[in-house]
Every structure is written in C-alpha cells, then in structure tokens.
Amino acid sequence: KMAAVTRGSYIFVSRLVRRTSFRCAPCCGPVVQFKLSDIGEGIMEVTVKEWYVKEGDKVSQFDSICEVQSDKASVTITSRYDGVIKKLYYDVDATALVGKPLVDIETESKEDVVETPAMAREEHTHQEIKGHKTQATPAVRRLAIENNIKLSEVVGTGKDGRILKEDIMNFLAKQTGAILPPAPVQEIQTPGPSPPSAAAPAGRPTSPSTVVKAPPPRTTPVFTGKDVTEPVKGFHKAMVKTMTAALKIPHFGYCDEVDLSRLVALRTELKPIAESRGVKLSYMPFFIKAASLGLLHFPILNASVDEDCQNITYRASHNIGLAMDTSQGLLVPNVKNVQLLSVFEIAQELNRLQALGAAGQLGTAHLSGGTFTLSNIGSIGGTYAKPVILPPEVAIGALGKIQVLPRFGAGNQVVRAHIMNVSWSADHRVIDGATMCRFSNLWREYLENPAAMVLDLK
C-alpha cells in the first residue's frame, strides 16, 4: 500500500511539474554581459553620470543605456541587443572600467548574440554623442568598421539623419568629421558707448545704445562652515594630467598689442550679411584664419614633439583649438583643417561648436587632434595672460579683451583705437624667440590690415 501511495504521488507530482513547466516557463534567450568598449585616447576608466534604463526595462538596438564621462568627453552608450535589462553593474558616479561588464541583457533569441572582444572596433559605432543616435544599415556599419570610422562623427543625410554609404565616402574624402560644439563662450565684444554721466533730461527719449543692461543675476553662495573633500575626476582629472605634463616644457613668453580698428569696421559691415545666412560672425574666425595663414609661413609652430623631445612632427592640417571655460571645466575643441576653410566656414563651425556644447555633447574626436591653440580669455576679462602649452603642441596664444584707447594716428593726431593685447607661449626647446616674434608680427599685420588677408586666402 505504501508503495502504491508513493507511486501515485510520484505520478501526480510528475504530471504537475510537467503541466506547470508547460504553462509557465517562458522561452528566454541567453543573458549576455554588455561590456564597456574602448572609447579611445588610451582611456581605461570612466564615470557613470546617468542611467537611462533600470533593471527590468526592455531595450532595442541603439537605445541609450547610460551616459559616461571620461577625462576628455561625455559619451552616451547604446545597446547592441534587443532584450531586457537584468543587471546594472554600477551606481551613478561610480567608476566603470573599460572591458568590464556594464549591464546584463537577456536577449530575445540566440541569434541576437554575437560574441565580440570587449574592445572591438565595431563597438565604437554604438557609442554616440549625447542626444544624437547613429542610424545606419549593417552594410554601412561594416564599411565604417573597415575604415575605422566612428559613425558618431559622420553627418547623416538620409531620412531622420540616417547615415548612407555616400556619407561614409564623403567623410573619407574630406577626412573632417562632423564637428559638435562645446559649451558656448561669450564672444569678444567691442566696448559700446559710455553711458551718460547724468540722467537724461525729462522728455528726451533714451537711445538704445545708451541703455545700460542689468547684469545677470548671481546665485547667492551658501556658507556651510564645513570642509568638503571630493575626488578629482572627469575633465578636472584631465587637466591635472595635461598641466603636469606641461610643467616639463620650458615656456617662452611674448606679448604684443594689435590695433583692430579696421577689423572692427569690416566685421560690422559683414555681420548682417552673415546673419542673413544664419551664421553669427564674431571676431574669432578672423583670429583663427589669420593664425592659419601665419602657420603656413612658420610650420614649426604647427608641429608636435614626442615625450622625450627627440622627434618633431610637422602637421599638415591646421586643427586650431579654442580654449573654452565651460561648466564642465576647461575644454579645448578644435576646428579641423582651417587651412582649407574660409572665414565664413570657420564661423559656421564655431557656431555649431557653441550651439551643441551647451548640452555638454563634446566627443573625444572633437577634443583631440589639435595642432595649435588660441585662448579667448578676453571674453571674461583681462588684457595679458601667461597661457600654458597643451602637449604635444608647441605654441598657444591668449587673446585679451578689446579696449578703446587713445593712440596717435596720421599727422600725430590722437584717435580712438580698438586695441587688443595678445600673449604667446612657445616651447623654447624647439622654437626660438625670433620665430615667435616674426609669426606674431605677421598675424598682427593680417588683423590690422584685413584687406591684405584676402590676397592670401585660398
């Protein structure tokens, strides 16, 4: 009897298990570890700034998973699979390591799983600048992989920004990626008319040029009375590395002043024309183009040296960086191939840099590859500076604010002049003082006589 009960219980339980398994067990795909791929530039760790998913969320290919920040750029990581998020390996503000698991994804089928190395090149095509998805067919992605191109650097001309084969071919031909901008910086402004010393008489309308705008409101600082210690990370960590390396460079300093009166008049004439084309024209495109024309005569200033200063590489492209003070810290994006661009095209690139940078969307490609740098410190204030060279570059310039000052003109008459001071720093191991001086003289001549710049434009 016991045997019968046992046998009957066994049959009942066995049937129950089979019935339960048949009704409830879902058909799930394998769980894969989505690893943080190589972001480039020798970056081995990043900080997780924000998660766009949580455990249990369903994701599709190219959906944003999280935003990470290296010491050079913010990057949005997107999914390579269709499936469900099973595990997040890091908390916000935690340090994630390249090549280590970022999330676990339960894929919808085994066909979705493609085993690839943790730092495979194709994973670059799934890393995007924040807010910009890359859409492309497998054939286009394969073409990008074969040519070692990041799709995030290519401007798509297809529907909804889809990247086409022609876009890849054009990118290869030009070798200039789509430039995404850094946080906007205040352009250099010429001083306006001084406000009247006394209030305007009653009944006399006040002209717009004499209205003094109220300064922007400032946040009130809160005094806590406590010391706060926090780790150095992100862009500040990059500054520590760069400035420590820069300390090894013997800096040669040179300062001069530039009379921009003619350039101010020219820019005033061209500004409405540029605005009619949808471009804001500041003084920076002129400064950058004049520097590029000067670099053609003094290529040593567009060179780079190795760490031990045993080899000098003369750069063919003039990738001129613009040092910017942003909410994320000091960033130096660069305009690629300035030697091939007109003043208007440079202004277009700067507009794009400034417009998209407000959202903190700088990619690594836009911060790397610089060959020469200008710092627009005058947009904040000050006349002279001591700029620090960004290795492996060999020269940098800092532009002071534009001031209206008295100067002697023709016939020894005192005239109003728009004066800007410039401060140069050069690597004295490879650049002598005479070379820096001659370059500065040529750069100044182009800006003081902008009509002469037209003769050398290409």
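The values are calculated or read from the model by the stated rules, or taken from the named source; none is laboratory data. Given the structure is predicted, the values throughout are model-derived calculations rather than measurements. Every residue, glycine among them, receives a Cβ derived from its backbone with ideal geometry; neighbour counts consider all protein chains shown. Note: accessible area is taken over every heavy atom of the protein model, side chains too, but ligands, DNA and RNA are not part of it. Shrake-Rupley method; radii C 1.70, N 1.55, O 1.52, S 1.80 Å.
Worth pointing out:
- Of W443, W51, the residue with the largest accessible area leads and the full order is W51, W443 (1.4 Å probe).
- Applying a threshold of 32 Å to the alpha-carbon distances of K233/K386; K49/K336; K271/K458; K150/K271; K248/K289; K248/K280 flags K150/K271; K248/K280 as lying beyond it.
- For D256, the solvent-accessible surface computed with a 1.4 Å probe is close to 30 Å², ligands and nucleic acids excluded.
- When each of the peptides 332-340, 312-320, 344-352 is scored by the mean number of other C-beta atoms lying within 10 Å of its residues, the order from highest to lowest reads 332-340, 344-352, 312-320.
- Rh (Kirkwood; distinct C-alpha pairs) - segment 404-458, Å: 13.7
- The charge dipole of segment 31-106, taken about the Cα centre with unit charges on the Cβ atoms of Lys, Arg (+1) and Asp, Glu (-1), comes to about 160 debye, rounded to the nearest 20.
- Within the assembled protein chains, the solvent-accessible surface assigned to S304 is about 10 Å², based on a 1.4 Å probe.
- Interchain or long-range residues, amide H under 5 Å from S74's placed H: L362
- Computed from the Kirkwood radius of its Cα pairs, the Stokes-Einstein diffusion coefficient for segment 228-364 at 4 °C and 1.567 mPa s stands at 74 µm²/s.
- Shape box of segment 31-106 [Cα atoms, principal axes, largest first, Å]: 31, 19, 18
- Reported to the nearest whole Å, the Cα centre-to-centre distance from segment 429-456 to segment 233-256 is 24.
- Carbon + sulfur, % of accessible area of segment 337-458 - ligands and nucleic acids excluded, 1.4 Å: 56
- Heavy atoms of Y52 accessible to a 1.4 Å probe, total area in Å² rounded to 10: 80
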